[in-house]
Amino acid sequence: MASLQWMWADAGTGTSFARLTTFHWSRSCSLPEVIEQLEDACKKREIIQRAVRLYVTVASSEFAEERELVFESVAQALAVLRSAEFNDMDVFKAIDDFRCIRADDSRIEATFDWPPSTPAESCRQCIECAAPASEHCEVCGLALCSGIPRMPGPRCVISEFLTSGANASGTLKVCRRCINYTRTRVLARSALRAAKAESSRKALACSAAFMRLEALPAALETEKDCATCG
């Protein structure tokens with residue numbers, strides 16, 4: 001059975017060292033007990049939006065697994081924990097499902113900014129293999145480990161080129177979920193640049209040939225990489 005502890009994420013001024021202080025944490029509790037404690041906290045209006053740090057662990061003779069995650073509010077933490085309780089779901093699965101849903105939202109936001117600058121999620125375990133995280137996906141923010149994954153397969157953090165072409169140099173650290181998205185964005189970016197250039201080229205030709213007007217020079221693009229070779 002999983003053992004849970006929680007603390008206010010802003011305890012001790014919210015520094016990374018505060019989580020190392022024992023008295024900030026609750027005692028080890030079961031899932032129903034933590035839900036009851038957080039529901040009691042929700043009765044105070046000023047607390048319901050307070051960030052919560054949750055630590056979940058389970059140990060047996062065969063394996064040990066843990067998650068440590070910061071929720072933006074008590075209500076958000078309760079929604080995830082209740083889903084595990086009501087649906088008879090493993091609390092680890094409920095937490096990781098929530099992380100992936102939040103990452104999907106970050107990936108959508110990254111559509112408007114390339115290269116993306118998505119901050120790392122507040123979780124200390126890799127989404128792929130649950131090893132201690134030291135990196136994060138720069139597209140969706142999911143926490144990743146930089147070493148050899150615990151389970152067979154490719155590394156959890158993968159470097160993808162930011163641009164297309166034989167001389168592409170800039171890279172982006174992404175998770176397995178964002179590989180295809182990243183590659184598609186790179187190709188779409190190149191196609192868009194080519195389409196803009198062709199549109200300007202045709203506009204200039206039309207202006208010169210049919211309207212007999214002095215052709216205006218096309219605006220220079222602001223990209224720093226070569227459109228041909230990257």
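Worth a mention:
- Within region 159-191, the set of residues being in a strand (DSSP E or B) and either surrounded by fewer than 18 Cβ atoms within 10 Å (Cβ to Cβ) or without any contact (Cβ under 8 Å) to a residue 40 or more places away in the chain (or both) comprises Ser159, Glu160, Phe161, Thr171, Lys173, Val174.
- Looking across region 99-114, the residues that are surrounded by fewer than 17 Cβ atoms within 10 Å (Cβ to Cβ) and at pLDDT below 90 come down to Ile108, Glu109, Thr111, Phe112, Asp113, Trp114.
- Residues satisfying the stated conditions in region 129-139, i.e. open to solvent by less than 40 Å² (accessible area, probe 1.4 Å) and either aliphatic (A, V, I, L, M) or within 21 Å of Phe161 (Cα to Cα) (or both): Ala130, Ala131, Ala133, Cys137, Val139
- Figure legend. Inter-residue proximity from region 72-85: first residues closer than 14 Å to Cys123 by Cβ and in contact (Cβ under 8 Å) with a residue 60 or more places away in the chain, second residues open to solvent by 10 Å² or more (accessible area, probe 1.4 Å) and aromatic (Phe, Trp, Tyr), beta-carbon distance below 9 Å, spacing 6+ or different chains. Indicated pairs: Ala77/Trp6.
- Only one of the listed residues (Ser117, Ser73, Ser83, Ser122) is closer than 26 Å to Ser146 by Cβ and surrounded by 15 or more Cβ atoms within 10 Å (Cβ to Cβ). That residue is Ser122.
- Taken over region 196-222, the criterion of being surrounded by 10 or more Cβ atoms within 10 Å (Cβ to Cβ), closer than 30 Å to Cys140 by Cα and modelled with pLDDT of 70 or more is satisfied by Lys196 alone.
The values are calculated or read from the model by the stated rules, or taken from the named source; none is laboratory data. Nothing here was measured: the structure is a model prediction, and the numbers come from that model. Reconstructed Cβ throughout: ideal geometry from the backbone, glycine too, with neighbour counts over all protein chains shown. For accessibility, only protein heavy atoms count, side chains too; no ligands or nucleic acids. Shrake-Rupley method; radii C 1.70, N 1.55, O 1.52, S 1.80 Å.
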